[in-house]
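Notes to accompany the following structure.
The values are calculated or read from the model by the stated rules, or taken from the named source; none is laboratory data. Here the structure is a predicted model, which is why all the values come from computation and not from measurement. Heads up, the Cβs are rebuilt from the backbone with ideal geometry, glycines too, and the neighbour counts pull from every protein chain shown.
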């Protein structure tokens, strides 16, 4: 049997070649099967050991509605083999190849081994030297245990209809499958509902809504003086010889304007997500196509490189792995959020994050509070304005883009200052500063099917919230009028008494 050290050497030498060949030659039937098995192993592992779902719920939610191009090879796969003791999931896909494997580690969630890796390579997966001790779990509200819960009857009554409609699989998109909706206004939960086996303590994969969390973490690092978003040469691999990529800055990456080649669509990094490739291989080795900052192109790689740049800037992996939790998530009470990693220890923070609806609401609330939580500033002054300001290079069509956040500034019935995080299968954090409101929607929509209409849903919620404000204003006006009338009557009674004397 090979030693672990020999396995690691073989793994390191073979993977870049395997991935490079796959990228140059297209997706073969063999690789397609490996990717499908990686999907099954990864989602089964994370669903069980991160989210605490049952196998039936995982089958219904995570393993249905997958990429259509995966479906044929996925349907040919056998059942996953689950080792509860070692928290390991493996899926066989080819008689001549090792099964695809995903293993759970505390704090890191589930990590895939790359295609072709044997089981002994599990010994090289990163582990926390020490897991950050979280503060006491907050189960009271969306924004912290020191906040008094105060149900706003006007909002609750008027929000009931659109929130209920979000779960009917019809109103906001035929066949859409909502798992949670949370509305937070003025720091209080005013609507909250769950379905599909999900509740307030169940993490759901954020998909690309994780990109907005990445920008938030970069902001926290900027606050601590760890990074400069305008300093070039984000990663060391670009800072050598004649490499023009040294001119790319964190600002460019956050704006999705690196200028790097990311294929025809930058949103499909399947070899990283489902084949166990490394971030540094899959994201950081592409050539420059256009001048940095000159073109918007939505690309997972830009987000991944930004986070890799933070790792290199910190120069201490233990501190880097603790940073999201100690510097941001645990401070805002987001105790059930997990950032998953590749087998080299890089956060796959373009997509592979699991969070509860309440935790996502906390992230939105942090932005409403301009990066403040209680008396503590977590994000630099001006950072929230930066992420919601239109980037210099904008998409050719569709919604505008800030810095890892989308803009809802041209959607009918929605305040112009609205911006949002968005992820595959219908994950949304909508932030409406004009109404001091955060809206979270999580879902398991069919990939390639109808998309949840977040613009119309937001507009309907805005109508309900404005109606609540109008109702309160009418009540207040009526109360003030009654008080004025009573005061006038009292004054008149007093005047008459004086006359009678």
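Each residue in the stretch 48-79 was checked for being under 25 Å from residue 335 (Cα atoms), surrounded by fewer than 21 Cβ atoms within 10 Å (Cβ to Cβ) and either at pLDDT below 95 or out of contact with any strand residue (DSSP E or B) (no Cβ under 9 Å at 6 or more places or on another chain) (or both), and 3 pass.
For the residues 209, 215, 242, 257, the requirement of being more than 21 Å from the chain's Cα centre (by Cα) and either over 21 Å from residue 400 (Cα atoms) or in contact (Cβ under 8 Å) with a residue 24 or more places away in the chain (or both) singles out 242. Of all residue pairs spaced 6 or more apart or on separate chains, those with beta-carbon atoms under 8 Å, a first member in the stretch 26-40 that is over 19 Å from residue 82 (Cα atoms) and a second member that is surrounded by fewer than 17 Cβ atoms within 10 Å (Cβ to Cβ) are 30/94; 32/69; 33/76; 33/94.
Of the residues making up the stretch 268-289, one or more are buried (at least 23 other Cβ atoms within 10 Å of the Cβ), touching a strand residue (DSSP E or B) at 6+ places or on another chain (Cβ under 9 Å) and free of Cβ contacts under 8 Å to residues at least 60 places away in the same chain. Pairs only if they're at least six apart or on different chains, beta carbon under 8 angstrom, first in the stretch 369-396 and within 20 Å of residue 303 (Cα to Cα), second exposed (fewer than 14 other Cβ atoms within 10 Å of the Cβ); list them, first residue then second. Pairs that qualify, where the first residue is within 20 Å of residue 303 (Cα to Cα) and the partner is exposed (fewer than 14 other Cβ atoms within 10 Å of the Cβ), are 393/294.
Among the residues of the stretch 59-86, those that are in contact (Cβ under 8 Å) with a residue 12 or more places away in the chain, farther than 27 Å from residue 195 by Cβ and assigned to a loop (DSSP other than H, G, I, E, B) comprise 76, 77, 78, 86.
Scan the stretch 403-435 for residues that are within 18 Å of the chain's Cα centre (by Cα), in a loop (DSSP other than H, G, I, E, B) and without any contact (Cβ under 8 Å) to a residue 60 or more places away in the chain and the total you get is 2. When we screen 410, 482, 421 for residues that are in contact with a strand residue (DSSP E or B) (Cβ under 9 Å, 6 or more places away or on another chain) and exposed (fewer than 14 other Cβ atoms within 10 Å of the Cβ), the only hit is 410.
Could you tell me whether residue 101 is farther than 30 Å from residue 188 by Cα, out of contact with any strand residue (DSSP E or B) (no Cβ under 9 Å at 6 or more places or on another chain) and modelled with pLDDT of 95 or more? Talk me through it step by step, then tell me what you get.
On the way: farther than 30 Å from residue 188 by Cα: yes; out of contact with any strand residue (DSSP E or B) (no Cβ under 9 Å at 6 or more places or on another chain): no; modelled with pLDDT of 95 or more: yes.
Criteria not met by residue 101.
Cβ-Cβ contacts under 6 Å between residues 6 or more apart (or on different chains), taken from a first residue in the stretch 115-130 that is at negative phi and assigned to a helix (DSSP H, G or I) to a second residue that is modelled with pLDDT under 95 and buried (at least 16 other Cβ atoms within 10 Å of the Cβ), are listed as 120/7; 121/7; 121/11; 124/8. Every test in (1) within 30 Å of residue 63 (Cβ to Cβ); (2) modelled with pLDDT of 95 or more; (3) part of a loop (DSSP other than H, G, I, E, B) is passed by residue 449 save one, and that test is (2). Take residue 365 and decide whether it is assigned to a helix (DSSP H, G or I) and out of contact with any helix residue (DSSP H, G or I) (no Cβ under 8 Å at 6 or more places or on another chain). When the stated conditions are applied, residue 365 does not pass them. Scoring residue 193 on the criteria (1) touching a residue at least 40 places away in the same chain (Cβ under 8 Å); (2) touching a helix residue (DSSP H, G or I) at 6+ places or on another chain (Cβ under 6 Å) leaves a single failure, condition (1).
Return the residues of the stretch 253-267 that are over 22 Å from residue 389 (Cβ atoms) and either buried (at least 23 other Cβ atoms within 10 Å of the Cβ) or out of contact with any strand residue (DSSP E or B) (no Cβ under 7 Å at 6 or more places or on another chain) (or both); say none if nothing qualifies. Those that are over 22 Å from residue 389 (Cβ atoms) and either buried (at least 23 other Cβ atoms within 10 Å of the Cβ) or out of contact with any strand residue (DSSP E or B) (no Cβ under 7 Å at 6 or more places or on another chain) (or both): 260, 261, 263, 264, 265, 267. Considering the conditions (1) within 11 Å of residue 41 (Cα to Cα); (2) buried (at least 20 other Cβ atoms within 10 Å of the Cβ), residue 82 is excluded by exactly one of them, (2). Every listed requirement among (1) outside any loop (DSSP other than H, G, I, E, B); (2) within 29 Å of residue 27 (Cβ to Cβ) is met by residue 264 save one, (1). Could we say that residue 244 is surrounded by fewer than 17 Cβ atoms within 10 Å (Cβ to Cβ), under 25 Å from residue 267 (Cβ atoms) and touching a strand residue (DSSP E or B) at 6+ places or on another chain (Cβ under 8 Å) here? Judged against the criteria, residue 244 is a match. Condition check for residue 302 on (1) closer than 28 Å to residue 119 by Cβ; (2) touching a helix residue (DSSP H, G or I) at 6+ places or on another chain (Cβ under 6 Å); (3) outside any loop (DSSP other than H, G, I, E, B): one failure, at (1).
Within the stretch 222-236, how many residues are buried (at least 24 other Cβ atoms within 10 Å of the Cβ) and either assigned to a helix (DSSP H, G or I) or within 14 Å of the chain's Cα centre (by Cα) (or both)? Steps first, answer last, please.
Taking the stretch 222-236 and keeping what is buried (at least 24 other Cβ atoms within 10 Å of the Cβ), we get 234.
Subset that is either assigned to a helix (DSSP H, G or I) or within 14 Å of the chain's Cα centre (by Cα) (or both): none.
Selection size over the stretch 222-236: 0.
Do the conditions hold for residue 330, that is, is it in a helix (DSSP H, G or I), under 15 Å from the mean Cα position of the chain (by Cα) and touching a residue at least 24 places away in the same chain (Cβ under 8 Å)?
Numbers: in a helix (DSSP H, G or I): yes; under 15 Å from the mean Cα position of the chain (by Cα): no; touching a residue at least 24 places away in the same chain (Cβ under 8 Å): yes.
Against the criterion (in a helix (DSSP H, G or I), under 15 Å from the mean Cα position of the chain (by Cα) and touching a residue at least 24 places away in the same chain (Cβ under 8 Å)), residue 330 does not qualify.
Here residue 105 meets each of (1) free of Cβ contacts under 8 Å to residues at least 24 places away in the same chain; (2) touching a helix residue (DSSP H, G or I) at 6+ places or on another chain (Cβ under 9 Å); (3) surrounded by 16 or more Cβ atoms within 10 Å (Cβ to Cβ) with one exception, condition (2). Quick check, is residue 453 out of contact with any strand residue (DSSP E or B) (no Cβ under 6 Å at 6 or more places or on another chain), closer than 17 Å to residue 155 by Cα and surrounded by fewer than 20 Cβ atoms within 10 Å (Cβ to Cβ)? Taking the combined requirement at face value, the residue does not satisfy it.
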